[in-house]
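Scroll down for the structure; my scribbles are underneath it.
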Amino acid sequence: MIYHIMEKQETVFDMIAALGARFKRYRKALGISQQDIHRKTGVALSTISLFENGKGQGLSLSHFHLLLNALDLKVEPNELIPEAMRSDLAGLWKKQNKLSGK
């Protein structure tokens, strides 16, 4: 899917790459190494590196959440999702919850 965000056409991959770059900048500003993040979360160093370098399309939501927590970033998941995607994702979550019996 392609979304129009802030007058710029972006794919989901573009948004993941942007999140990874922001995470990397913030981590470095805090003086925390990838190794520190790995030790704190158990997320593989290669996964952290791929995410930070714009190749984190395979990053699971659970790993993403662990990475945010490792930097003490207390963010509601919907705050990270661009407005243009929220209705699509809400529908997917509702369908997933229905299938899992929640």
| Does segment 54-72 contain any residue that is at positive phi and modelled with pLDDT of 80 or more? | yes
| query | In segment 13-35, which residues are within 13 Å of Leu71 (Cβ to Cβ), loosely packed, with under 14 Cβ neighbours inside 10 Å and over 11 Å from the mean Cα position of the chain (by Cα)? | reply | Arg25, Tyr26, Lys28, Ala29, Leu30, Gly31, Ser33
| Condition test on Leu61, is it surrounded by fewer than 16 Cβ atoms within 10 Å (Cβ to Cβ), touching a His at 6+ places or on another chain (Cβ under 7 Å) and not polar (S, T, N, Q)? | no
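The values are calculated or read from the model by the stated rules, or taken from the named source; none is laboratory data. Just so we're clear, the structure is a prediction, and the values are computed from it rather than from any experiment. Note that we place each Cβ from the backbone using ideal geometry, even for glycine, and neighbour counts take in every protein chain shown.
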